[in-house]
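Have a look at the structure that comes next, please.
The values are calculated or read from the model by the stated rules, or taken from the named source; none is laboratory data. Small disclaimer: the values here were computed from a predicted structure and weren't measured. Neighbour counts are summed over all protein chains in view; Cβ atoms, including those assigned to glycine, are modelled from backbone coordinates with ideal geometry. Protein only, heavy atoms only, side chains kept; ligands, DNA and RNA dropped before computing areas. Shrake-Rupley method; radii C 1.70, N 1.55, O 1.52, S 1.80 Å.
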Amino acid sequence: MRRKGYWPFLIPGVLASVLVIVVPLVMTVYTSFTKWNGVGEQRWIGFDNYTRLFDDSLFWSSFGNIVLLILAMAVVPTLLGLFLAAVLFDYVAKKFSSRWASLFRSGFYLPQVIPVAVTGIVWGWILHPEYGALNRILDTIGLGSLAHNWLGEPGSALYSVMGIMIWVQLGYPIVMFMAGLQRVDPELYEAADLDGATWWQRFRKITVYLIRPEFYVVLVTTTIAALKIFGPIFVLTGGGPSNATLVPSYFAYKNFFEKAQVGYGSAISTVLTVLIIALSIVFLRLQNRAERKA
Amino acid sequence: MTLTANRAPAEQRTPAKAEKRANPLRFVILAALLALLLIVIAPLLIIAINAVKSPADYASGGPLSLPPRLYWDGIVDFWNRVDFGMKLWNSFITSFTVAVLGVLLSILNAYALGIGKVKGRVWFLVFFLVANLLPQEVLVYPLYFLSKEAGLYDSLISIVIIFTVIQAAFGTYLLTSVYQEFPTELLDAADVDGAGKLRTLWSVVVPVSRPTLGVLFTFFFIWTWNEFFLPLVFLVSNDNQTVPVALGVLQGDRLMDATMTSASGLIGILPAMLFFLIFQRTLTRGITAGAIK
């Protein structure tokens, strides 16, 4: 039986979404074609903000930094997480006990539940040049010469942030992949064992193959999270030193609320939005194609 | 070691397992995993031991020594200085309200799209999916501007409204896919009983989908609790700040010494850990909810 007349239930959701999402989105896109300081008159300037953007070396370096952050937030955690999930699920749970496996899983997941501001405090403190624990540890084990201002020097700031983001992200793929592995028929593994397959062969041919859906989901969500990154940058480095860790969202924030260049900030966030949506479409296509092949 | 001792009797039953037990590789792998786990939780442990260390003990023993005695003044001082009880309450009431309203809004949307299958539902779903992807930067300035016009700037109400809609975009997407599979027999039975659409929603659909709604509630609560960017922009006065904003803006404050900084870190971690423990079961189920089709 075809059900009819349900549209009134959509009214609150549609009204609220128009107010909070559609109208602001349209306003930002419009503003990106104007010059505006946020209070005075808004002046239409066509594509000027965009041409300025493409000549702005800060804009390009902020995207260069994002590429490295995608490496740290999406690629490395996904690959490392895939390997760790397979070891935990297929080795630790079987040769020790599943309690050990879930203990490890919870431990690795812990950094994910901590608010980003607290991550900033924890790592800002550990990497602090004067009283930070990392420099003290290096001193204690006789590597004092390596000690330096991790987040405060342009040469090391971005790499430090990358290391921290691997720490933050690692738990998410592990949890996702371990859940995905539960779908795998244990007989497949037993059959592979009987055929004399090594652990590594099983990992490559069975594990990786069967959890491709989770693999795509994790890669897409973490890549988008990397493109949107704001909080960790704000609390760890403020985009510095000398813009070494600047990212698009923080660049937009600075233009909105520090420089009162609202039109320019809107252009930056519009470009970022287009990029995220385009990337999501590409990922969805790839995923669909992979599923059709399977 | 106790673990192997406990397991030994069970494993001796089959020779194959006993052989595996003797394999030294097992313990190399376990040791490597434990070392990695230690690296992952070490930062939190270091924060915890320094949060309960007096500045004098810190000065003499450094960051890695265990505190000779527990010292709570750092935590108490920090708590009083930022009026942490107030921040906790702000965070709690915002997250709780968003979670309740967000789940309600998701239910209404998903009822119309998943069960009612209204015309153009694919486009609505595309809209909610895109809304999920949008970076908050592309919404922030107009929201800031409009909330000032409406007199809602620097108020928890603006944060509640915005996050209810943002979280419900995800909730609608997830819940619609659940409601599409909703058993038709239950709906038909409600029709036969003469229940209206609203009655069917409240007395059939909502009770049956309660596990999913619980997962959504948990997600919305924790996500809103951890939100940083929009609360940072909207909640400028001290009395309105949430926990993450209060801790975030204190970073780099000259008045904060090493032990007080770790005290602030510890009391920021504790609520998150508490939620993690309370919601752990729902969470591990829920994190995977998005992946399963």
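Could you compute the net charge surrounding B:N90? Neighbours are other residues with a C-beta less than 13 Å from the C-beta of B:N90; K and R count +1, D and E count -1.
Net charge around B:N90: -3.
Which is farthest toward the positive dipole end of chain A among A:A117, A:M27, A:G263, measuring Cα position about the Cα centre, with Cβ charges +1 (Lys, Arg) and -1 (Asp, Glu)?
Farthest towards the positive end: A:M27.
On to the next question. Tell me which trypsin sites (Lys or Arg not before Pro) from region A:1-99 have a DSSP coil assignment and no more than 16 other beta carbons within 10 Å of their own.
A:R2, A:R3, A:K4
Region A:1-61: Rg/Rh from Cα coordinates, Kirkwood Rh?
1.28
Once you have the Kirkwood Rh of region B:83-250 from its Cα pairs, apply Stokes-Einstein at 37 °C and 0.692 mPa s and quote D in µm²/s.
Roughly 191 µm²/s, to the nearest whole number.
Continuing with this model, one more query. Starting from the 7 Å offset along Cα-to-Cβ, what nm value, one decimal, do you get for the label separation of A:V274 and B:V206?
Between A:V274 and B:V206, the label points sit 4.4 nm apart.
In addition: Counting heavy atoms of the protein chains only and a 1.4 Å probe, report the per residue accessible area for region B:26-164 as a whole number of Å².
On a per-residue basis, 43 Å².
Could you look at chain B and say what percent of its accessible area is carbon and sulfur, using a 1.4 Å probe and all protein chains?
66
Another one. Putting +1 on Lys and Arg Cβ atoms and -1 on Asp and Glu Cβ atoms, find which of B:T164, B:F221, B:I115 reaches farthest to the positive end of the dipole of chain B.
The listed residue farthest towards the positive side: B:I115.
Under a Cβ-Cβ cut-off of 12 Å, what is the net charge of the residues other than A:P115 that fall near it, where Lys and Arg count +1 and Asp and Glu count -1?
Charge balance near A:P115 sits at 0.
OK, next. Extent of region B:36-168 along each principal axis, from alpha carbon coordinates, in Å, largest to smallest?
Over region B:36-168, Cα extents along the principal axes are 71, 43, 26 Å.
If we count every other residue with Cβ under 12 angstrom of A:L127's Cβ, Lys/Arg +1 and Asp/Glu -1, where does the sum land?
In short, -1.
Counting other C-beta atoms within 10 Å, and keeping those with at most 16, which DSSP coil chymotrypsin sites (Phe, Trp or Tyr not before Pro) do you find in region B:64-122?
B:W72
Same structure, new question: Exceeding 32 Å between C-alpha atoms, which entries from my cross-link table qualify? They are A:K95/A:K205; B:K87/B:K117; A:K228/B:K148; A:K35/A:K228; B:K87/B:K148; B:K53/B:K87.
Distance filter (> 32 Å) returns B:K87/B:K117.
With no solvent and one equal point scatterer per Cα, compute the Debye intensity ratio I(q)/I(0) for region A:55-245 at 0.08, 0.11, 0.12 Å⁻¹ and report its log10, rounded to two decimals.
-0.34, -0.61, -0.70
Aspartates and glutamates within cross-link reach of A:K4: Cα-Cα under 18 Å, excluding same-chain residues under 8 positions apart?
Partners found: B:E181, B:E185, B:D188, B:D191, B:D193.
Give me the number: length gained by fully extending B:S60 to B:D73, i.e. 0.36 nm times residue separation minus the C-alpha to C-alpha distance, one decimal in nm.
Using 0.36 nm per residue and subtracting the Cα-Cα distance, I get 2.9 nm.
Which value, in debye to the nearest 20, gives the size of the charge dipole of the protein assembly as shown about its Cα centre, when Lys and Arg are +1 and Asp and Glu are -1 at the Cβ?
Charge dipole of the protein assembly as shown: 1660 debye, to the nearest 20.
Pop out a list of residues from region A:262-281 that are at least 40 Å² less accessible with all the protein chains around than in their chain alone; 1.4 Å probe, no ligands or nucleic acids counted.
Hits at the 40 Å² cut-off: A:T273, A:I277.
Could you compute how much accessible area chains B and A hide from each other, both sides summed, with a 1.4 Å probe? Nearest 100 Å² is fine.
The summed interface area works out to 8100 Å².
Return, ordered by residue number, the residues of region A:83-110 whose backbone nitrogen is under 14 Å from a label point located 7 Å along Cα→Cβ of B:N23.
From region A:83-110, the list is A:87-97.
Name all residues of region B:80-106 having a backbone nitrogen under 20 Å from the label point set 7 Å from the Cα of B:I278 along its Cα→Cβ direction, giving them as ranges.
Inside the label zone: B:84-104.
Now for a separate question. Only sites in a loop by DSSP and with at most 16 other Cβ atoms within 10 Å count here; which trypsin sites (Lys or Arg not before Pro) in region A:238-294 make the cut?
Those satisfying the criteria are A:K259.
Per residue, how much accessible surface does region A:55-245 expose to a 1.4 Å probe? Answer in Å², no decimals.
40
Name the shape class, rounded, prolate or oblate, that the alpha-carbon gyration tensor gives for the protein assembly as shown, where a ≥ b ≥ c are the square roots of its eigenvalues, rounded holds for a/c under 1.5, and otherwise prolate holds if a/b is larger than b/c and oblate otherwise.
Cα axes put the protein assembly as shown in the oblate bin.
Something else now. Tell me the carbon and sulfur percent of the accessible area for chain A, rounded to whole percent, probe radius 1.4 Å.
Here carbon and sulfur together make up 64 percent of the probe-accessible area.
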